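Below: the structure, in structure tokens.
The values are calculated or read from the model by the stated rules, or taken from the named source; none is laboratory data. Here the structure is a predicted model, which means the values were calculated and not measured. Every residue, glycine as well, gets a Cβ built from its backbone with ideal geometry; the counts of neighbours run over all protein chains shown.
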Amino acid sequence: MPSITSLNLAHLHLILNHVPTVGSVVALGLLLVAFVRRDEPLKYAGLEALFAIAVLTLLVYMTGIGAHQLLRNQPELSENAINVHHDAALAGFVVTEFAGFVAWIALWQSRRRGRAARGLVPAAALLSVLALALMGRAATLGGDIRHPEIRTDVAAGDAAAADDSERFVTRRISAYMVNSTWAWPAAETVHFLGLSLSFGVLLAVNLRILGVMRQVPFADVHRLLPWGMLGFGANLITGMLFFIGQPKQYIDSAPFYWKVVFLMIAGANFLYLTVFKKGAAVDRWDSNMADKAMAVSSLLAWLIVLYAGRMLPFIGHAF
Amino acid sequence: MGFLVWLESLPLAVWVVESPSVWAQPTILTLHTMGMAVLVGASWVLDLRLLGISRNVPLSAFRWVFRAVAVGLIVNLITGVLLFACRATTWGTAIPFLIKMCLVIASAATLLPIRSYVLRSGPEQREVSGNARFLAIASILTWSGAITAGRLLAYTVQ
């Protein structure tokens, strides 16, 4: 029996790759049933599922690149088929993140005003349908890598195009990030600005839960969350540019593992803060121990993400 | 120049630059980044409030920001001095570094009038003066400039 310690990134990718497709079907099902039954809590559950899928899809994408590194130098596998899959996965990833983002705005507005702006939930659902289609295509192309029996004609021209890496968006992004003088430093600068903005907003919101600004209703600091999301969005985009640019730097890096693990925890926390129902319009609302533990863990998770991110060049030998 | 050479020769500076330990330069750099997140993040939250985001919150509720800013400033002053000392002759003569220092001083300077404005505000005061809004914009821009300059140091100064 394989032990958990023998689990590598390819295993993880094969386990997690069901999240974007199967998850989207579940989330869309929840939204559909909520629509038919006019069931508000169920609608929120569907939106929360879309956000969770967006967070987890980060893992799917990253383990995919890990799997790619593991499969290098296996002559029986087509590098071309892997690149075709990677490009398709990037398209699916972008739309999945966007669907999660729109679902998050809908949740934030619902928490703030009792309902989301008209059209926002259908927009999230439509984006999720598109993400499902794109991820379904990525999944099929991913299957083609190991399963010649299901191979479609997309990857058929393999041998001919084997070295034509210019065709692939992901390869072009990577080449640009590595070769341009300014792309990497500029993206790093945005990454640092984004982290400051995100951290400041989460500091304020979590400090409110911990009892600072006690005279302020929670809803009033909740108003700041989209600015945290703005910083996080900037960091997601620039972070992915680094990752696609130089995957080898990150895939073998221990601090990067920790960074991603605590990013997942921080993501769960962010969702918790978004839908947090207590103390909405109550002055001098006092949080209980569980709320405080959540707030402390949120700040700690972000500090660990920061620590692991900054220590990337120094721990291990991946850089 | 003599001062910079002396600074660089201090045992602590030599340790920071020569130690292979992750607790030397890597940890000091990381603490500098965390200090930045607390310092700039807290400043920006207050700047957003001064510019009208979450305007229901009275200004006086934001006093905690100055304590967070103080923590961030102290951490970054200590780690910054250490990082400077270990390569004093390089940093002390590099124009991009001096630009960063000017921007940091300018950003910190915007905090002083903002602080006295917030501390003077009434317990229920929610409206913000035009001057304070101007200071908030200046604070956002100068911190952005300081971070940009700081990050580009890694690429422009060898």
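What to note about this one:
- Some residue of the stretch B:62-76 being without any contact (Cβ under 8 Å) to a residue 12 or more places away in the chain and crowded, with 20+ Cβ neighbours inside 10 Å: no
- Within the stretch A:199-212, none of the residues are crowded, with 19+ Cβ neighbours inside 10 Å, of a type in the set (F, W, Y), in contact with a helix residue (DSSP H, G or I) (Cβ under 7 Å, 6 or more places away or on another chain) and within 20 Å of B:L59 (Cα to Cα).
- Yes/no for A:G233 being more than 10 Å from chain B (Cβ to nearest Cβ) and on the phi > 0 side of the Ramachandran plot: no
- A:N206 being more than 10 Å from chain B (Cβ to nearest Cβ), touching a Leu at 6+ places or on another chain (Cβ under 7 Å) and closer than 17 Å to A:V94 by Cβ: no
- When residues of the stretch B:33-55 are limited to those that are surrounded by fewer than 21 Cβ atoms within 10 Å (Cβ to Cβ) and more than 8 Å from chain A (Cβ to nearest Cβ), the one nearest to B:T110 (Cα to Cα): B:L51
- 2 or more residues without any contact (Cβ under 8 Å) to a residue 60 or more places away in the chain and either of a type in the set (A, V, I, L, M, F, W, C) or surrounded by fewer than 21 Cβ atoms within 10 Å (Cβ to Cβ) (or both): qualifying helices (runs of 4 or more DSSP H) within the stretch A:231-310: A:254-275, A:289-310
Every residue, every condition in (1) within 30 Å of A:A187 (Cβ to Cβ); (2) in a helix (DSSP H, G or I), yes or no:
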| residue | (1), (2) |
| --- | --- |
| B:R63 | no, yes |
| B:T79 | yes, yes |
| B:F84 | yes, yes |
| B:T93 | yes, no |
| B:Y117 | no, yes |
| B:A132 | no, yes |
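- Checking each residue in the stretch B:108-138 for being under 17 Å from B:S54 (Cβ atoms), among the polar types (S, T, N, Q) and surrounded by 17 or more Cβ atoms within 10 Å (Cβ to Cβ) picks out only B:S121.
- Subset of the stretch B:56-90 (residues that are among the aromatic types (F, W, Y), farther than 28 Å from B:F3 by Cα and more than 8 Å from every other protein chain (Cβ to nearest Cβ)): B:F66
- Residue in the stretch A:204-213 that is in the same structural domain as A:A290 (by TED's automatic domain parsing), among the basic types (K, R) and not in a helix (DSSP H, G or I) present: no
- Residue match in the stretch B:112-124 (condition: within 14 Å of another protein chain (Cβ to nearest Cβ), farther than 20 Å from A:L193 by Cα, among the aliphatic types (A, V, I, L, M) and touching a helix residue (DSSP H, G or I) at 6+ places or on another chain (Cβ under 7 Å)): yes
- Single condition A:Y250 does not satisfy, out of (1) hydroxyl-bearing (S, T, Y); (2) more than 27 Å from A:A49 (Cα to Cα); (3) touching a His at 6+ places or on another chain (Cβ under 9 Å): (3)
- Options B:I99, B:I53, B:I95, B:I105; residue that is within 17 Å of the chain's Cα centre (by Cα) and free of Cβ contacts under 8 Å to residues at least 12 places away in the same chain: B:I105
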